[in-house]
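Below you'll find the structure, written out as structure tokens, and then a few comments.
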Amino acid sequence: MSKFLLLAFRNVFRNRRRTLMTLLMVGGGVAGLLLVGGFFAFMTDGLRESTIRNGLGHIQIFTAEHFRRDEVHVLDTGIDNWRHVAATVASAQHVRGVAPRIEFYGMVSNGQKSSVYMGSAVDPDAERSLGFSANLIAGHDLTAKPGAEVQALIGSGLAKSMNVKVGDGLTLLAVTSDGALNGIDVEIAGIVQTGVADLDARYLRIPLTAAQRLLQSDRVTNLVVGLDATSNTDRVYDELIPRLNGLPQQMELKRWIDLALFYRQVRTLFVTIFLFLGTIVFFMVVMSSVNTLLMAMFERTREIGTMLAMGTPHSWIVGLFMTEAALLGLLGAAVGIVGGSLAGALLNFLNLHLPPPPGLTSEMPFRVLHMPWLMAAASLLVIISLALASILPAIRASRIQITEALAHV
Amino acid sequence: MNELVTAEAVSRSFPLDHIQVRALDEASLRVCCGEFLAIAGPSGSGKTTLLNLIGCIDKPTSGRILLDGEDTTKLTPARTTALRREKIGFVFQTFNLIPVFTAIENVEFPLLVQGVSGSERRRKAAAALESVGLSSRARHRPDLLSGGERQRVAVARAIVHHPALVLADEPTANLDTQNATQLIDLMRELNRNLGLTFIFSTHDQRLLEHTPRIVRLCDGRVVSDLHEAAAAGTATWLEGDRHEQVSAARVS
């Protein structure tokens, strides 16, 4: 180790108790950032994957017309030859499968009471192959047995308001693609909870074939593409665009992030909170460290005067204090990383759960993700900030009057 | 001999409340290379001020100081710093060693800021420590050394880069009589053996007995400049450039 670094290192530990307190302050700040950041990352990552798994998929394919105008009749902006489109997409690398969907709405009745529903028609086998699962709280998932009674999954809120249970029958009414009114009878196969109370009150899912019969159309609203990993979304998106260019219908692709409005809002909220907390922690850490550095400089006034008298350049003194500050930041960051990692591991081990947030119905697990990039970023931030924050006090120290400094007691 | 330091009618005033206190009043002094010179006088006589001005860590209010032919009052701050680094060694009353460095690391320090390589630094620092008789204490930190040892480390630090001039401001003030005498003897020995020019200040009369040249200050003025006669060294002194004989009794 060079003598310069050795001097800086020993100076940091000249007053061990004060340095320890400063390291705990800096380390506590870094650990706090890691814990908050790790928790927020767990929340957003979990929300992202659950949003994708709950049926959003990684990429959705619509006709371009779908976004240009509202439908006059149901499915009149839908995908015509969707099996061909699905086959084209399915042959791309990283694509696990393609699931057709029809989004529709109408009235549901049990003979005594009627309610509005928001329907989603799916191919149960395709959905299962992509790992898209409904959160069933009663009954079982849809099956696609030909000739059997049409099955339906309904939201817990809708089941409650209609006063129905698994095995009960319902009649679905909807306007067909020709504008006529049509209806089919379904049997409740299961009751699901989406996690969003407003959606649970309107949610209804039936097999694709039943919906096509109800709506009198072979079209689908969109195709949902599932990938092997979320990180491949952009790569596959870029690959699919030219593949779908030559089709009779102009297609438009949407990435999951384009469609996940709720996810984006939550992430923005978390990022804002994190930045707010981070700013407060950052200032506390910097201020306490600068205070330590100022005290150290005051105590070493005569020593600085001696160095200057011996012809030590001002820049050397400034560099020494900046190095000491950076070392303080480095050691504090190390303390924070160790402390934050241990605290995170302990919290994960305790398997804690948070109560459901407003608008949601299920408890949320409390986990802290291990985030190497956040560790590196927090460490760099602390090291650079402390080094920069020490510049002014260091310059002041280097410009001290030598004769006064030598007389300092 | 070549003239190393020339102080010409140097004055230094300090503001105190609303008045100017004159710490040094048109003091003139010439010091040649290889001299061993004591600046004597009571507290407040201007000894430290004169040393600070010669050492380029303060600027005179009027007059000028030449160091090795360079007018130090006209130098830029950067050149002044470089001049101190290259040509002057300092010994302070309170030792002023860096407490987190060992003895040898303290001695290395002037070479460190000069950018000398590590191996060269260690070799020169070891030689300097040996010259002050402290090789065995090289790895000790200042808090494990006695006062006399600390000041010898400070002397080694002051001479390690072979400066043209070593300035020692009351170097014996914090030492007992035995250590004080030993330190002055050590500095005299280094002066003789290495040809280094020493200027030290003291108000301890006993330390002046073996000092070949004594400049006395009183109220900021040079009141006498006594040279030991080259041959005698006991009772015969010559005053200033006029070479008037004065009695040894006057000096003591």
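Every number here is computed from the coordinates shown, using simple stated rules; none is lab data. Note that this is a predicted model, so its numbers are computed, not measured. Counting neighbours? That spans all protein chains shown, and the Cβs are built from the backbone with ideal geometry, glycine included.
For the reader, a short list of remarks on this structure follows.
- Chain A, dipole about Cα centre (Lys/Arg Cβ +1, Asp/Glu Cβ -1), debye to the nearest 20: 1980 debye
- For trypsin sites (Lys or Arg not before Pro), no site in region B:1-53 is both called loop by DSSP and has at most 10 other Cβ atoms within 10 Å.
- Selected from A:D168, A:D125, A:D200 as most flexible by GNM, with chain A as the system and alpha-carbon contacts under 10 Å: A:D168
- Using alpha-carbon coordinates, inclination of helix B:118-131 to the longest axis of chain B, degrees: 60 degrees
- Reach of A:K113 by Cα under 22 Å, taken over lysines that are not fewer than 8 positions away in the same chain: A:K160, A:K165
- Mean Cα-pair separation over length for region B:3-251, i.e. relative contact order, pairs under 8 Å, 6 or more apart, %: 25 percent
- Cα long-axis angle, helix A:3-12 against chain A (0 to 90 degrees, to the nearest 10): 80 degrees
- Viscosity 1.002 mPa s, temperature 20 °C, Stokes-Einstein D of the protein assembly as shown from Kirkwood C-alpha radius, µm²/s: 66 µm²/s
- Cα-based reach from B:K74 at 28 Å (exclusive), listing lysines while leaving out same-chain residues under 8 positions away: B:K47, B:K59, B:K87
- Secondary-structure-derived ellipticity at 222 nm for the protein assembly as shown, considering helices only, amounts to -14000 deg cm²/dmol, per-run term -39500 (n - 2.57) for DSSP H runs with n ≥ 4.
- For B:V222, the amide hydrogen comes within under 5 Å of the amide hydrogens of B:S28, counting only partners 5 or more places away or on other chains and with H modelled in the peptide plane.
- Spatially proximal aspartates and glutamates relative to A:K3 (Cα-Cα < 17 Å; intrachain offsets below 8 disregarded): A:E303, A:E324, B:E105, B:E108, B:E120
- In region A:65-249, Cα pairs under 8 Å separated by at least six residues give a relative contact order of 32 percent.
- Chain B: most fluctuating residue of B:S224, B:S136, B:S201 per GNM, C-alpha cutoff 10 Å: B:S136
- Neighbouring partner chain Cβ atoms per residue of A:5-18, average, 10 Å criterion: 2
- Total formal charge among the other residues, if their Cβ is under 12 angstrom from that of B:D71, Lys/Arg +1 and Asp/Glu -1: +1
- For chain B, the residue among B:I57, B:S135, B:L83 whose Cα projects farthest onto the positive side of the dipole built from Cβ charges is B:S135.
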